Amino acid sequence: IRNTEPTGTHLPIIAITANAMQGEAQRCRERGMDDYLSKPLRMNELGPMLHKWLPLEAGPPVRLEPVEGVVDTTTFPLWNPATLSELVGDNPGMHQRLLARFLDNAQTQVAQITAAAAVNDTAALAGVAHTLKSAARSVGALALGELCQQLETAGKAGEPPQCQQLAAGLEAAFSAASGEINDHLGR
């Protein structure tokens, strides 16, 4: 993108990354990006970021307020129904579609992680755990997302016993989260 910009033009590039590690902002800037946001993307951060890099020509700046009741980072509830509203706005139809898709995909991913743990395939386990972690956190299944974070970390470290121990609780964590989501969906 930077190589194709016309002279005198600077397009704002904002990275959206699952990597929230210290130094990530600097790495993004070194690679030509102007800023970054970490996943899961939160509406109360997106609005100010867009205003920063794409200021409105007329009218007041867009300010998206945080949704009350969003999880404290020190706790991990089974499911926080406010999370989707914070991410995509208050659209019940979209929420239902996203939650249903999450449940279908997560069931497969839980089986894949369990199978990978059984054969000590820590690399495969870490990859699927990373994907499930992001999806779980995005829909508000925060306890499941935290467990997947631990699985991903253990998988990347190549620790089969730790992976097996964590994977043993995965089905129960998914079942608990899906129970609350299904209750919400009226299933």
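The values are calculated or read from the model by the stated rules, or taken from the named source; none is laboratory data. Given the structure is predicted, the values throughout are model-derived calculations rather than measurements. All Cβ positions, glycine included, derive from the backbone under ideal geometry; neighbour counts span all protein chains shown. Note: accessible area is taken over every heavy atom of the protein model, side chains too, but ligands, DNA and RNA are not part of it. Shrake-Rupley method; radii C 1.70, N 1.55, O 1.52, S 1.80 Å.
Remark: pairs (first residue in the range 7-20, at positive phi; second residue exposed (fewer than 11 other Cβ atoms within 10 Å of the Cβ) and of a type in the set (D, E, K, R); Cβ separation under 9 Å; 6+ apart in sequence or on different chains) are absent. In this entry, Gly127 passes the filter for residues that are part of a helix (DSSP H, G or I), of a type in the set (Gly, Ala, Ser) and under 19 Å from the mean Cα position of the chain (by Cα).
Just one of the listed residues (Leu144, Leu132, Leu103) is under 17 Å from the mean Cα position of the chain (by Cα), touching a residue at least 24 places away in the same chain (Cβ under 8 Å) and either farther than 17 Å from Leu166 by Cβ or outside any helix (DSSP H, G or I) (or both), and it is Leu103.
Please work out if Ser175 is of a type outside the set (Lys, Arg) and buried (at least 16 other Cβ atoms within 10 Å of the Cβ). If you could, list the steps in order and put the result at the bottom.
Details: of a type outside the set (Lys, Arg): yes; buried (at least 16 other Cβ atoms within 10 Å of the Cβ): no.
When the stated conditions are applied, Ser175 does not pass them.
Scanning the range 148-166 for residues that are among the polar types (S, T, N, Q) and in contact with a Leu (Cβ under 8 Å, 6 or more places away or on another chain) yields one hit, Gln150.
Scanning the range 82-94 for residues that are open to solvent by less than 80 Å² (accessible area, probe 1.4 Å) and over 15 Å from the mean Cα position of the chain (by Cα) turns up Gly89, Asn91, Gly93, Met94. Figure legend. Inter-residue proximity from the range 150-170: first residues open to solvent by 60 Å² or more (accessible area, probe 1.4 Å) and outside any loop (DSSP other than H, G, I, E, B), second residues at pLDDT below 95 and hydroxyl-bearing (Ser, Thr, Tyr), beta-carbon distance below 9 Å, spacing 6+ or different chains. Indicated pairs: Gln162/Thr153. Checking the structure you have, find out if any residue of the range 102-125 is within 20 Å of Thr17 (Cα to Cα) and open to solvent by 30 Å² or more (accessible area, probe 1.4 Å). Looking through the range 102-125, none of the residues is within 20 Å of Thr17 (Cα to Cα) and open to solvent by 30 Å² or more (accessible area, probe 1.4 Å).
Here Asp72 fits the description: modelled with pLDDT under 95 and of a type in the set (D, E, K, R).
In the range 1-47, what count of residues is obtained for those that are within 19 Å of Gly140 (Cα to Cα) and open to solvent by less than 70 Å² (accessible area, probe 1.4 Å)? So the count comes out to 13.
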